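Where a number appears in this text, it was derived from the coordinates with a stated rule and is not lab data. Computed from a predicted model, the values in this text were never measured in an experiment. Every residue, glycine as well, gets a Cβ built from its backbone with ideal geometry; the counts of neighbours run over all protein chains shown.
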Amino acid sequence: MSEISLTGFNVWLDVVFTSLYVVVVLGLSGHFIGNVLTGRVKKRFIGKQWPHHEGPPVPFLPKFLHFQHVFSMFALGISGMYIRFPFFDGGRTPMRYVHYVFMIIVTINLVWRLWYAFFSRQRDYKEFAITKEDIVTAPKVVLYYIFVKSSKPHLGKYNVMQKGTYTLFVPLMILQAYTGFALVATPMIFGYSPREVLLSWWLGALVGSTDLAGWYARTAHYIINWLFIILTTVHAYLSMTEDFPAFQSFFGLGGADHHDSHGHGEAHGSPALSPSTGEAE
Amino acid sequence: MTPAHRTLTITLTVLAVLIALPALAYAQESTVGTHTIEFDGYDVDFTLPTAAKAGCLVCHGDENLIRLREDRLVSYYVDAAELEAGPHAAVQCAGCHIDFAFTAPHTTASQDWRREAGSACKNCHQDQNFEVGQGVHRIEVNGNGNGVPGPDAAEKPICSSCHGAHDIVEIDDEGRAALHANGWEVCGRCHEDYWESYNDYYHGRAYKRGAEDAPACWDCHGWHDIRPSSDRDSMVHETRLTETCTAPGCHTDPNVDYVAYAELIHGQRDVLEANPLYSLFQRVRSAIAGIFGR
């Protein structure tokens with residue numbers, strides 16, 4: 001890798017992702033104004049016309065996992081950003097420990113959630129599966145979000161964009177955990193560091209240096225961190241503006257009893273109005 | 001009062017004075033008091049010695065020992081506790097202040113007594129003095145063989161410029177940590193541009209925020225025989241970077257491609273400003289600020 005790639009690329013990452021985040025925040029602000037102008041805000045927050053939900057209430061476990069995932073990812077984001085951009089004195093060692101503790105919690109959380117999704121009695125992996133129908137109707141979902149259409153197709157608990165995003169979180173989380181552990185350079189596994197165990201034998205051999213392999217891991221870790229920040233910001237915005245009761249419910253703050261699951265729905269109305277699917281968010 | 005009573009009273013009073021006199025004399029001897037002594041050209045108010053003060057510290061252990069020099073109050077106080085705590089507690093003052101004698105006024109002192117004392121370390125620390133002689137901080141001498149310092153000698157740092165004077169600390173774990181945190185005092189206040197530019201993510205920025213494991217200046221540049229990066233013997237010469245970066249507690253297996261990152265250690269600002277997107281934002285920001293008259 002040439003010199004410019006190592007030095008310039010680091011700076012490019014900061015500039016591009018910071019700019020992108022500003023664009024996302026501006027975009028969401030614009031979207032909220034759109035919600036106000038099209039009357040969606042009035043209808044939802046004043047008229048209390050939130051998406052209707054069917055099916056059994058979401059069990060406690062996924063809510064609990066979601067809650068501690070949110071908290072842990074927030075702690076990881078702040079401590080991780082501190083490690084790259086220290087913004088107060090004397091915090092590197094404590095913030096590293098914060099990062100270590102929450103990375104373990106999040107890793108356990110990930111394994112637990114995957115077990116829940118695929119192997120538990122309430123396994124819900126099918127709710128995240130993108131079907132052919134999802135793909136066909138995806139443009140209409142996008143048109144709904146950009147205010148071209150006043151309703152979107154309702155095929156299940158989650159729409160295609162949600163399914164895509166939540167599913168994408170899984171490989172990103174796995175990659176983030178892998179690259180994160182690969183940054184630990186302290187020997188702790190029979191005299192080898194996690195970096196050596198995870199990277200030396202393949203990427204280190206390919207690029208000629210374990211440290212350089214670590215640089216790639218750090219860069220990937222930083223990029224994925226930004227993807228999480230951006231996707232989570234959009235997710236938080238949409239969950240609050242599209243289905244606030246479901247948002248509340250996910251944090252144990254009540255919400256309407258029929259909002260047992262969360263989804264971004266609008267104007268698919270009552271089940272009676274959408275008999276073709278019989279589902280609503 | 002009867003004559004007998006008067007005689008008894010006078011006798012008792014005389015006896016009491018006689019008994020008290022030695023104690024009074026002892027008390028006077030041990031009491032700290034301010035006296036004025038006239039020296040030729042000096043008018044010194046000083047504190048009498050006590051058990052804790054001796055030698056030069058009779059005067060220089062007094063916090064009030066100040067002089068007015070060129071409209072400025074200059075303190076000549078030396079913190080005895082600081083000296084005692086350091087590695088040079090057993091060294092006599094004149095061991096470093098070699099041009100001083102225990103006389104007042106200090107007629108033997110040279111004009112440049114500070115530099116004299118600040119570079120007297122060489123008399124004991126000869127190896128380190130030799131190393132300094134190899135680096136950029138050495139004082140050049142004229143080429144005529146007479147050993148006269150060159151014209152820039154006064155600008156060159158001496159031992160005390162980096163190490164301090166009476167507050168030199170022992171290089172144990174605590175002292176090493178204190179020294180590590182002292183980069184600005186040791187190097188930064190002279191090399192302000194390098195201090196400013198030491199601002200990359202994991203080294204400079206972290207170091208300035210007190211990260212114990214971020215490198216201080218000398219961890220990369222070396223000490224005593226510090227050389228310019230163009231010198232092949234410099235620790236930061238491009239051919240030696242992989243070796244320098246593998247210092248204990250640093251990187252384990254850097255190769256040439258990896259140490260190319262070193263450009264960012266003092267050059268992050270330059271790389272950022274060379275970034276076209278960043279430049280564009282800066283121009284937009286300036287334009288917006290211009291609209292609002294800022």
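Scanning region A:78-98 for residues that are away from chain B (no Cβ under 14 Å) and in contact with a helix residue (DSSP H, G or I) (Cβ under 6 Å, 6 or more places away or on another chain) yields a single hit, A:V98. Only one of the numbered conditions (1) of a type outside the set (S, T, Y); (2) part of a helix (DSSP H, G or I); (3) within 14 Å of chain A (Cβ to nearest Cβ) is not met by B:D200, and that is (2). Of the numbered criteria (1) surrounded by 18 or more Cβ atoms within 10 Å (Cβ to Cβ); (2) within 14 Å of chain B (Cβ to nearest Cβ), the one A:M73 fails is (2).
Considering only residues that are surrounded by 15 or more Cβ atoms within 10 Å (Cβ to Cβ) and under 19 Å from A:H235 (Cα atoms), which ones fall in region A:33-44? Even if it seems obvious, please write down each step before you answer.
Filtering region A:33-44 down to residues surrounded by 15 or more Cβ atoms within 10 Å (Cβ to Cβ) leaves A:35, A:40-41, A:43-44.
If the condition is that a residue be surrounded by 15 or more Cβ atoms within 10 Å (Cβ to Cβ) and under 19 Å from A:H235 (Cα atoms), then A:N35, A:R40, A:V41, A:R44 are the ones that fit.
Total residues in region A:102-131 satisfying the condition of being closer than 10 Å to A:V160 by Cα and in a helix (DSSP H, G or I): the figure is 1. May I ask you to verify whether B:T244 is at the interface with another protein chain (Cβ under 9 Å from one of its Cβ atoms), buried (at least 16 other Cβ atoms within 10 Å of the Cβ), among the polar types (S, T, N, Q) and free of Cβ contacts under 8 Å to residues at least 40 places away in the same chain? It is false that B:T244 is at the interface with another protein chain (Cβ under 9 Å from one of its Cβ atoms), buried (at least 16 other Cβ atoms within 10 Å of the Cβ), among the polar types (S, T, N, Q) and free of Cβ contacts under 8 Å to residues at least 40 places away in the same chain.
Within 14 Å of another protein chain (Cβ to nearest Cβ) and closer than 30 Å to B:A81 by Cβ, is that true of B:A181? Walk me through how you get there before you give the answer.
Numbers: within 14 Å of another protein chain (Cβ to nearest Cβ): yes; closer than 30 Å to B:A81 by Cβ: yes.
In short, yes.
Being closer than 26 Å to A:D14 by Cβ, facing another protein chain (nearest Cβ under 9 Å), within 25 Å of the chain's Cα centre (by Cα) and in a helix (DSSP H, G or I): is that true of A:G180 here? Against the criterion (closer than 26 Å to A:D14 by Cβ, facing another protein chain (nearest Cβ under 9 Å), within 25 Å of the chain's Cα centre (by Cα) and in a helix (DSSP H, G or I)), A:G180 does not qualify.
Only residues that are over 22 Å from A:V184 (Cβ atoms) and among the β-branched types (V, I, T): list them for region B:243-257, please. Of everything in region B:243-257, those that are over 22 Å from A:V184 (Cβ atoms) and among the β-branched types (V, I, T) turn out to be B:T244, B:V256. Taken over region A:208-231, residues that are surrounded by fewer than 18 Cβ atoms within 10 Å (Cβ to Cβ), within 12 Å of chain B (Cβ to nearest Cβ) and in contact (Cβ under 8 Å) with a residue 24 or more places away in the chain amount to 1. If you scan region A:96-117, which residues turn out to be of a type in the set (A, V, I, L, M, F, W, C) and under 13 Å from A:S72 (Cα atoms)? A:V98, A:V101, A:F102, A:M103, A:I104, A:I105, A:V106, A:I108, A:L110 - these are the residues of region A:96-117 that are of a type in the set (A, V, I, L, M, F, W, C) and under 13 Å from A:S72 (Cα atoms). Checking each residue in region A:86-101 for being assigned to a helix (DSSP H, G or I) and either among the aromatic types (F, W, Y) or in contact with a Lys or Arg (Cβ under 9 Å, 6 or more places away or on another chain) (or both) picks out A:R92, A:Y97, A:Y100.
On the basis of being in a helix (DSSP H, G or I), of a type in the set (S, T, Y) and crowded, with 17+ Cβ neighbours inside 10 Å, does A:T7 make the cut? Quick ask: steps written out before the conclusion?
On the way: in a helix (DSSP H, G or I): yes; of a type in the set (S, T, Y): yes; crowded, with 17+ Cβ neighbours inside 10 Å: yes.
It is true that A:T7 is in a helix (DSSP H, G or I), of a type in the set (S, T, Y) and crowded, with 17+ Cβ neighbours inside 10 Å.
Here region B:264-281 is the region considered, the condition is being at the interface with chain A (Cβ under 8 Å from one of its Cβ atoms) and within 31 Å of the chain's Cα centre (by Cα), and the residue that is surrounded by the most Cβ atoms within 10 Å (Cβ to Cβ) is B:L264.
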